[in-house]
1. Counting C-alpha atoms alone, how compact is region 43-186: give Rg to one decimal and Dmax as a whole number, in angstrom.
2. Provide the FRET efficiency to the nearest 0.05 for the Val146-Ile16 pair, computing r from the beta carbons and using R0 = 41 Å.
3. From the mean inverse distance of alpha carbon pairs (Kirkwood) and the Cα radius of gyration, derive Rg over Rh for region 82-153.
4. Quote to one decimal, in nm, the extra length available between Thr75 and Glu107 on full extension: 0.36 nm per residue of separation minus the C-alpha distance between them.
5. Can you tell me how much longer the chain between Ile47 and Met157 gets when fully stretched, taken as 0.36 nm per residue apart minus their C-alpha distance, in nm with one decimal?
Amino acid sequence: MKLDWRGLLVFLGLAIATAASWYAVNRPEETSSGPQPVADERFSYYIKGATITGFNPSGAVLYELNADYIFHDATDNSISLERIRMDYQASPTSSWMVEADEGRMNEARDFIELLGNVKAQRTREPGALATVLRTSALRLEPETSVASSASQVQIEMSGKTLSGTGMHADLKLERLHLEANVHGRFTP
């Protein structure tokens with residue numbers, strides 16, 4: 001019996017082509033290890049891993065806000081942010097590093113609402129003790145250097161801890177007012 005090699009090669013070629021096309025149609029979808037943005041009809045676009053830079057009226061950089069995701073809301077022209085890290089220059093001598101889980105900027109971009117694990121740390125010259133502010137929600141008005149919160153706030157500075165409910169701060173003048181239920185702990 002003589003084997004038809006040409007027929008066998010054609011059969012094998014067709015079998016491989018069939019298997020490859022079945023795999024291409026039925027292969028499992030690739031999944032990313034990182035979180036993916038949620039599809040929402042309100043958002044006209046989103047940007048992954050971007051920076052928003054704000055300038056003061058004289059043109060100097062006021063803040064650089066980095067976010068893992070930036071979403072534009074077409075219904076009110078606001079911006080929603082996820083996993084925020086911001087370098088904020090309150091004055092030529094006062095700089096703050098701000099972090100939050102999420103946030104929002106209104107259409108005019110005159111305030112930033114920060115939500116979830118908000119931490120603002122005043123950066124000073126090397127070796128100096130930093131001031132750290134922690135809260136669950138903070139409203140920052142970059143151009144006026146005003147920060148406010150209606151939530152529980154904890155402030156740590158120079159070995160002292162103050163906490164209270166509600167806060168109003170002028171970051172440029174370095175003045176802070178806790179509004180209610182103020183408690184403090186001072187360690188030598």
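1. Radius of gyration, then largest Cα-Cα span, for region 43-186: 15.3, 50 Å.
2. 0.05
3. On the way: Rg = 12.0 Å, Rh = 12.5 Å.
Using only Cα positions, Rg/Rh for region 82-153 is 0.96.
4. Additional length available on full extension: 10.5 nm.
5. On the way: separation 110, 0.36 × 110 = 39.60 nm, distance 3.61 nm.
Here the answer is 36.0 nm.
Quick note: the coordinates plus some simple rules give every number you see, no bench work behind them. Quantities reported herein were computed from a predicted structural model and do not represent experimental measurements. With ideal geometry, Cβ positions are generated from the backbone for all residues, glycine too; neighbour counts draw on all protein chains shown.
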